[in-house]
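These notes concern the structure reproduced below.
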Amino acid sequence: MGYLSFKNGQKAVNNLADQLMNRTSSLVDQHLNSYLSIPHRVNQINADAIQMGLLDVRDRQTIGKYFWKQMQAYDLTYIGIGLTTGEGAGAGRYDGKTVTIDDWSAKPPKNLYTYATDEKGDRTNVTTIYDWDNFSMSWYTEPVKAGKAIWSRIYTWNYPNHPYIVASAGRPIYDAQNRLLGMVGADIHLLKLGEFLRHLDVSRNGQVFILERNGMLIADSSTQQPFTLVKDDIQRLKATDSLDPAVQGIAKQLQQSFKGFQSITQPKKLLLNWQGETHFVYVTPWRDQYGLDWLVVVSVPENAFMAQINANTRTTILLCLGALIVATLMGYFTSRWITRPILRMNLASQAMASGNLEQTLDNSSVQELNTLAQSFNHMAGQLSESFTALENSKAELEDRVEERTSELKTALSELQRTQAQVVQNEKMSSLGQLVAGVAHEINNPVNFIHGNITHLNEYTQDLLRMIQLYQQRHPSSDPEIQALADEIDLEFLVDDLQKMLSSMKIGTDRIRTIVLSLRNFSRMDESEFKTVDIHEGIESTLLILAHRLKERPEHPAIEVIRDYGNLPPVECYPGQLNQVLMNILVNAIDVLDEVNAKRTNREIEENPSQITIRTSLIDSQSVKIAIADNGSGMPEQVKNRIFDPFFTTKPVGKGTGMGMAISYQIITEKHGGKLECFSTPGKGTEFIIQVPISQRVCETV
């Protein structure tokens, strides 16, 4: 039995070790993949923006503020660009908290200025001035030389009270003609990897550390730092020289076992003896496509798993105690079976004394107690009959009071609903008047600009043809004219002028479309039925909500899928129907924003937020509008109350609970239609609106 117990305990230890080590290695691998992919994603975004012309590398003021904004969104230490001219700009979090902006000109000395910033990212004052030369820094030279996205070598800097040890990701940047402009880089602080490792479960008993192939320590789960200060300069340590004895000892044995770290190409599981104690050691290579090649080492002492064997011993003891308790309980219930009839009679007597007259006693296996139980039941029956009449009178009075209270509650609820609807109607009417006024004031100057752009384009083409004709007839131009052409970059000016006019034309068309949509949406206070295009009202509402549908730093974009059918004009109250569409779409956007706040970026990419709007003709007398989202859906009890006045699931201050109630009244009472809600938890919600094409049909019905 002792041998079997030992073997079972050893097997349990090995199983626990495999599970814990595999899980830990997987967690570290996932974190490295996620954490170290951020700099390259940010570099790709910035390189694309520069090549597309969205960022002007010559405008270092704007570039610096743009990078400051990105530092607020990403967990990075530095983002910057270096240009082939020697200039550059960037934003950094050198002390781990405050973001500053760097701006440097082409040539040292004292050409790099570091600026403090306010809460908007604007520069306030110069904090430091350094010498900087792009062409002598590996941060700049290595990505440019490679011609692709890579990791530069790890570099260190003893920033006052804040050690700066970072891995720098860089990639070359090009303009629209694929000409090299320089490089863009993003730094990530390696000491944060140590913070992550220290929070792993295995770190309570064992060690987790990451090292380069040359043995240099990158991060570990101990409280010791992976570096030392030599004459106020940071010197990184090899794993075999770590200040933590466990990390140092395990690293030395690994180096001896494999004759260096270069030969480890596959995951390895080892049992190493250190200081007379057996350690489970897992070594896993980790690589990425940009050149990193690290080793992840997980080490846990065997005695950390002996708790399983101790648990088995405790289980045996508990089983013995359990058997003793069962025997004790059997004796207790046997004695209780004998005394139970007497106890029941005692409890019944106390209950009757307290006013509960519905008491009867069951027959007992003891004959003498049966006679006493029958007498007790007869007495209880007579008392119960006496009190029944009194209870009936009391119940009748309570029913009358409850009925009157219910009538008062119903009247109060109706009064509150009517008051809220009047307030909502007044708000929407005021909004409609305001929007209509703004649209009218914008429309006149925009039409003037839009009408003159065509003439401006014709005049510009004439001038350009005149310049071209002059160049053809007088190829040997005057030196002063040639110097002026070079100064103003005539070729770029001609090309950019045409693009600028085209952009202005597109912009004015967009403004006119927005103005038209605002005018359509502003028909809130129309008191008569109008024959309108349903799709025009939907698009006007979507335009009003466009700012909430677009991608923002704190919210991903929400895609709107339109599946419009061929609908005839519909006779309705346009403003009130727009109000219904607005209420449903706002609720859908709120739900999707709430769901996205709880999801990771990967989950959002795999299942992006969508709102689907479908319209169709039901028959010759009515049309249908279906608005569906792919949010979290709602449970049945919420769906059943969705159209009740003052019912809301939103926090206090974010909803009155009247939006859907008013929408239901507008569709059913004002238009003689239907408003239905269909929802499945975890899949989404769909609202279906049915309205008659002609209100004469509704009145006839």
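The values are calculated or read from the model by the stated rules, or taken from the named source; none is laboratory data. If you're wondering where the values come from, they're calculated on a predicted model, not measured in any experiment. When we count neighbours, we look across all protein chains shown, and the Cβ atoms used for this are built from the backbone with ideal geometry, even at glycine.
Among the criteria (1) surrounded by 22 or more Cβ atoms within 10 Å (Cβ to Cβ); (2) part of a helix (DSSP H, G or I); (3) hydrophobic (A, V, I, L, M, F, W, C), the one PHE135 does not fulfil is (1). Checked against (1) part of a loop (DSSP other than H, G, I, E, B); (2) within 18 Å of PRO301 (Cβ to Cβ), LYS252 meets all criteria but (1). Selection within region 89-104: residues that are surrounded by 20 or more Cβ atoms within 10 Å (Cβ to Cβ) and small (Gly, Ala, Ser). The member of this set that is farthest from ASP118 (Cα to Cα) is ALA89. One residue stands out in region 210-232 among those that are surrounded by fewer than 14 Cβ atoms within 10 Å (Cβ to Cβ), in a strand (DSSP E or B) and without any contact (Cβ under 8 Å) to a residue 60 or more places away in the chain: the one that is nearest to the chain's Cα centre (by Cα), namely THR228.
Inspection of region 648-660 identifies at least one residue that is in contact with a Gly (Cβ under 7 Å, 6 or more places away or on another chain) and within 24 Å of LEU549 (Cα to Cα).
Being assigned by TED's automatic domain parsing to the domain that holds LEU55, without any contact (Cβ under 8 Å) to a residue 60 or more places away in the chain and among the β-branched types (Val, Ile, Thr) is a description that applies to ILE129. For region 152-209, a residue qualifies if it is assigned to a helix (DSSP H, G or I), touching a residue at least 60 places away in the same chain (Cβ under 8 Å) and surrounded by 18 or more Cβ atoms within 10 Å (Cβ to Cβ), and the qualifying residues are LEU193, LEU197, VAL202.
The set of residues in region 255-304 that are surrounded by 14 or more Cβ atoms within 10 Å (Cβ to Cβ), out of contact with any Asp or Glu (no Cβ under 8 Å at 6 or more places or on another chain), polar (S, T, N, Q) and in a strand (DSSP E or B) contains only SER299. Of the residues examined, LEU243 is one that is surrounded by fewer than 17 Cβ atoms within 10 Å (Cβ to Cβ), at pLDDT 85 or above and farther than 24 Å from SER26 by Cα.
Just a yes or no: is a residue in region 80-87 touching a strand residue (DSSP E or B) at 6+ places or on another chain (Cβ under 7 Å), farther than 21 Å from ILE210 by Cβ and either free of Cβ contacts under 8 Å to residues at least 24 places away in the same chain or among the charged types (D, E, K, R) (or both)? Looking for residues that are touching a strand residue (DSSP E or B) at 6+ places or on another chain (Cβ under 7 Å), farther than 21 Å from ILE210 by Cβ and either free of Cβ contacts under 8 Å to residues at least 24 places away in the same chain or among the charged types (D, E, K, R) (or both), one finds at least one in region 80-87, hence yes.
When SER663 is tested against (1) exposed (fewer than 14 other Cβ atoms within 10 Å of the Cβ); (2) part of a helix (DSSP H, G or I); (3) in contact (Cβ under 8 Å) with a residue 24 or more places away in the chain, just one condition goes unmet, and that condition is (1).
Select, from PHE678, PHE647, PHE687, the only residue that is part of a loop (DSSP other than H, G, I, E, B), touching a helix residue (DSSP H, G or I) at 6+ places or on another chain (Cβ under 9 Å) and not hydroxyl-bearing (Ser, Thr, Tyr).
Values: PHE678 fails: part of a loop (DSSP other than H, G, I, E, B); PHE687 fails: part of a loop (DSSP other than H, G, I, E, B).
Result of the check over PHE678, PHE647, PHE687: PHE647.
Within region 1-48, restricting attention to residues that are acidic (Asp, Glu) and closer than 30 Å to LEU211 by Cα, the residue that is modelled with the highest pLDDT is ASP29.
May I ask you to say which residue of GLU571, GLU594, GLU559, GLU603 is more than 13 Å from ILE534 (Cβ to Cβ), at pLDDT 90 or above, charged (D, E, K, R) and surrounded by fewer than 21 Cβ atoms within 10 Å (Cβ to Cβ)? Spell out the reasoning first.
Values: GLU571 fails: more than 13 Å from ILE534 (Cβ to Cβ); GLU594 fails: at pLDDT 90 or above; GLU603 fails: at pLDDT 90 or above.
When all the criteria are applied, what remains is GLU559.
Can you find even one residue in region 104-111 that is at pLDDT 90 or above, in a strand (DSSP E or B) and within 30 Å of the chain's Cα centre (by Cα)? Within region 104-111, none of the residues are at pLDDT 90 or above, in a strand (DSSP E or B) and within 30 Å of the chain's Cα centre (by Cα).
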